[in-house]
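Peer 1: Dumping the structure here so I can ask a few things about it.
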Amino acid sequence: MLRKLVIGVAVVATLVAGVGTARLVLPWTDPARGVVKQLAFLRAELEGGADLAAQKQFPEGFFFLNVLYGLSWVQVGIDDPARSAHATAEVRWALDRIASEDGTAPFDASLHPRYGVFYAGWTNWLRGGLIALGRSEAADRAAFSSDSVEIAGAFRTARTPFLAAYPGQAWPVDSVVAIASLRLYDALVAPRFDQAARNWVTAAKTRLDPATGLLPHQVVPQVSGARGSSQAIIQRFLVDIDPAFARTQYANFKDKFVNGLGVREYPQGTSGQGDVDSGPLAFGMSLSATVVALGAARIHHDPLAERLARTGELVGLPFSGLKTKRYAFGAVPIGDAFLAWSTSARPLVAAAQPELDGESGWWRLPWLVLLWLPALLLWGALRLRHRDRRRRRAR
């Protein structure tokens, strides 16, 4: 009975190792093809109240789940014009949800821009994405123009390049998104905010974290050094603001935060605790930073994107049905939203970036050992047991 059980476990371990090996080494199919299935899953989850549930777990859970859903549709619709009409409808749906009472509830309407730079920047970027799909209406363009003017005005009158997201709290990453939305306006509507963006870059360069040469994680109420969870998002958007500055910052980010396992939350040689921004840390790695860095790597045309994507397909427990796809059994929809946004990542303003040098394929070796070791040990134990039985019989 025990032998049959061990054989059964060994067979399962072998199948798992075989599937994992295929995901690591077989010719690669672009993971972005599965995004539409992920979005079908997310739409059903949103209709079932997943965004309200996310708000209880994260300060911007409701907002992020909806805005990332909309932004993923923007990327899908641009890359596949046949889906642009459907994408436009889904983006409008997402915009309506983040403009609802539930969407604005966590934010302060008295801030400048209204509701703070986090809400204003991401919303403006999504509205610009709607226009980029090519099916916008006059009201969409008017809203994009007025919101962009408000954002630019807030930066012009501020004493710092990093505006508040909440009263008395400011994170540079939020201002990066807002400035990128002004660049998107210039690319889609008319050149209007180039000087504002240039001034912002000049000011931001004087406030880099001295320990890493990167933008800080937080600046108000206290200044904290660069961290992976915010840097991964910053590297997504900087390329649409200033490609040259973005390339140097991206190289610095990889040097300080990226290793063979993923993206660290704190720079190499330092450590810290996980929090609401990073999520739980495993060996110093932030899962959220790693997922978002996949999108940054795609934006920068970096082969790192393939490594991160293949690793996600290996350990993310993906399940793909006829119409939907989800990771980790769909237990954390906001994780699926970040992954959909990252696997379909593309610049909306900048030209396609030159490809960076490739990575060695040796990163697969530890995963292959981890996959096959249990199966080999089980089959080896069965073989030794079989030999012992034959020897005893021969005596």
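Peer 1: Just want the ordering: K254, K205, K325, from fewest to most Cβ atoms lying within 10 Å of their own Cβ.
Peer 2: In order of increasing Cβ crowding within 10 Å: K205, K254, K325.
Peer 1: Pull out a ≥ b ≥ c, the square roots of the eigenvalues of the alpha-carbon gyration tensor of segment 275-371, then state rounded if a/c is under 1.5, prolate if not and a/b is larger than b/c, and oblate in the remaining case.
Peer 2: rounded
Peer 1: A further question on this structure: Rounding to the nearest 10 and keeping the result within 0 to 90°, find how far the Cα-based axis of helix 2-25 lies from the longest principal axis of the chain.
Peer 2: In the chain, helix 2-25 runs at an angle near 40 degrees to the longest axis.
Peer 1: For M285, M1, which order do you get if you count the other beta carbons within 10 Å of each Cβ and list the fewest first?
Peer 2: M1, M285
Peer 1: Calculate the dipole size of the chain relative to its Cα centre from +1 charges on Lys and Arg beta carbons and -1 charges on Asp and Glu beta carbons; express the result in debye to the nearest 20.
Peer 2: Numbers: 44 positive and 34 negative charges, 569 e Å.
So the magnitude is around 2740 debye.
Peer 1: What is the local net charge at A203, summed over the other residues whose Cβ is closer than 13 Å to its Cβ (Lys, Arg +1; Asp, Glu -1)?
Peer 2: +4
Peer 1: While we're here: Students often forget the sequence filter, so: which lysines lie under 24 Å Cα-Cα from K37 once same-chain residues fewer than 8 apart are removed?
Peer 2: Straight-line reach from K37, under 24 Å: K323, K325.
Peer 1: On to the next question. Kindly rank 80-86, 50-56, 379-385 from highest to lowest mean number of other beta carbons found within 10 Å of each residue.
Peer 2: Numbers: 80-86: 13.9, 50-56: 18.6, 379-385: 12.3.
With the highest mean Cβ count within 10 Å placed first, the list reads 50-56, 80-86, 379-385.
Peer 1: Now for a separate question. Mind checking which lysines have their Cα closer than 25 Å to the Cα of K254? Skip sequence neighbours fewer than 8 apart in that chain.
Peer 2: Leaving aside lysines fewer than 8 places away in the same chain, those within reach of K254 are K205.
Peer 1: May I ask which residue of S342, A164, A375 lies farthest towards the positive end of the charge dipole of the chain, with charges of +1 (Lys, Arg) and -1 (Asp, Glu) on Cβ and the Cα centre as origin?
Peer 2: Selected residue: A375.
Peer 1: To continue, here is another question. Provide the packing ranking of 171-180, 272-281, 190-199, i.e. peptides ordered by the mean count of other C-beta atoms within 10 Å per residue, highest first.
Peer 2: Those peptides, ordered most packed to least, come out 171-180, 272-281, 190-199.
Peer 1: If you fit an axis through the alpha-carbon atoms of helix 333-343 and take the longest principal axis of the Cα set of the chain, what angle between them do you get, 0 to 90°, nearest 10?
Peer 2: With rounding to tens, the tilt is 80 degrees.
Peer 1: Here's a follow-up. Where is the GNM fluctuation largest for the chain (alpha-carbon springs, 10 angstrom cutoff): E313, E150, E359?
Peer 2: Looking only at E313, E150, E359, the largest GNM fluctuation is found for E359.
Peer 1: While we're on this one: Counting helices only, and only those DSSP H runs with n ≥ 4, report the 222 nm mean residue ellipticity of the chain as the sum of -39,500 (n - 2.57) divided by its residues, in deg cm²/dmol to the nearest 500.
Peer 2: Computed ellipticity for the chain at 222 nm equals -20000 deg cm²/dmol.
Peer 1: Next question. May I ask you to list the aspartates and glutamates whose Cα is less than 14 Å away from that of K56, ignoring any residue fewer than eight positions away on the same chain?
Peer 2: Output for K56: D102.
Peer 1: Using alpha carbons only, how many angstrom separate the centre of segment 193-270 from the centre of segment 330-346?
Peer 2: 22
All of the numbers you see were taken from the coordinates with simple rules; none came from a lab. None of these values were measured; they are calculated from a predicted model. Positions of Cβ are backbone-derived with ideal geometry, glycine not excepted, and every protein chain shown enters the neighbour counts.
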